[in-house]
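Shown next, in structure tokens, is the structure this report addresses.
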Amino acid sequence: MSLVSMNEMLAEAKKGRYAVGQFNLINLEFAQAIAQSAEEEQSPLIFGAGEMAIQYMGLDTVVAIAQTLAKQSRIPIALHLDHGGSFDICMKCIRAGFSSVMFDGSHFPIEENIRLTQQIVAAAHAVGVSVEGELGQIGGTEDERHVRDEDAAITKAADAISFWEQTRVDAMAIAVGTAHGLYRQEPHVRCDVIREVAGAIEAPVVLHGGSGVPDATIRDAIASGIGKINVNTENMAAFTGSVRQFLDANGTELDPRKYLGPAREAIRQVVQQKIRLFGSNGKA
């Protein structure tokens, strides 16, 4: 199949009360493991690529990897810009072949966030590309952007509803108590805010910082209206842990394939568990 937008898969997720996972591309092994697991589970899939990943791999390489795996697959796959920080990067990704973009204008005043998001939605929708918007500062570190705990704040439901009504984004990311990166303590996810927003807008609500959130909390968030969940840190931890374990035991090994293969398998297992937890298995 060709790459598709997030729209159809997320509309079905909202209707069916399950969530589609976004799993970030870091390198080829990440992409292969994620695609293999989604194919095996017959789950729709969202590849996420942030600006640091694009800088590391190259924009055209990211698109080529995603397009190749999509063509080899029987499941719907979207390639989504994660936390795009400007109008320009969103347009570059659309022109390069991304099927979906996120504009993270949460660091702007809300009026500027709305204005820029409206511009990106107009341009993206004209060519069939879906758009995710964000309102509220999600704590932790994503790529090179760090939000201190004291600066993170729960999004007000009324503000999120108004934001969606003015922008008509296809997916709505809000701050509900999760954070990017590793948690120092168990997060308190505001499912009441999720329910209020999800019940008032057509678009699915997005949960960022899905790594490390307890399974029971994830289930509650999905039941409350979450339709897309982002996972990256757990995959990085599984990959790096596998490589470190191999090299500790085989310090003289020079062939990268000997440790990249097991690391790829470690990611596949994490993604499989997440897909089953999110309830998207068998939904492709």
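See the values below:
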read-out	value
Distance in nm between pseudo-label sites at residue 32 and residue 254 (7 Å out along the Cβ direction from Cα)	2.1 nm
By average C-beta atoms within 10 angstrom, highest first, the peptides 24-33, 194-203	24-33, 194-203
Gaussian network model of the chain, springs between alpha carbon atoms under 10 Å - residue of 21, 48, 212 with greatest fluctuation	212
Accessible area (Å², 1.4 Å probe, nearest 10) - residue 63	10 Å²
Accessible area (Å², per residue) of the chain, counting only protein heavy atoms and a probe of 1.4 Å	44 Å²
GNM result for the chain, Cα springs below 10 Å: residue of 71, 228, 258 fluctuating most strongly	258
Point-charge dipole on Cβ atoms (K/R +1, D/E -1) for the chain, about Cα centre, debye to 20	700 debye
168, 244, 190, reordered so the largest accessible area comes first (probe 1.4 Å)	244, 168, 190
Peptides ranked, highest mean first, by Cβ atoms within 10 Å: ranges 95-101, 2-8	95-101, 2-8
Helix 191-200 axis, angle to the chain major axis (alpha carbon atoms, nearest 10°)	60 degrees
Solvent exposure, largest accessible area first (probe 1.4 Å, DNA, RNA and ligands not counted), of 93, 191	191, 93
Where 14, 274 fall by accessible area, highest first, once all protein chains stay in place (1.4 Å)	14, 274
Angle in degrees between helix 215-224 and the longest Cα principal axis of the chain, rounded to the nearest 10	30 degrees
Degrees separating the helix 110-125 axis from the principal Cα axis of the chain, which is the longest one	70 degrees
Listed residues 82, 255, 170, most fluctuating in the chain (Gaussian network, C-alpha, under 10 Å)	255
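The values are calculated or read from the model by the stated rules, or taken from the named source; none is laboratory data. Because the structure is predicted, anything quoted here is derived from the model rather than measured. Glycine also receives a Cβ, built like all others from the backbone with ideal geometry; neighbour counts cover every protein chain displayed. Accessible surface is based on the protein model in full, side chains and every heavy atom, while ligands, DNA and RNA are left aside. Shrake-Rupley method; radii C 1.70, N 1.55, O 1.52, S 1.80 Å.
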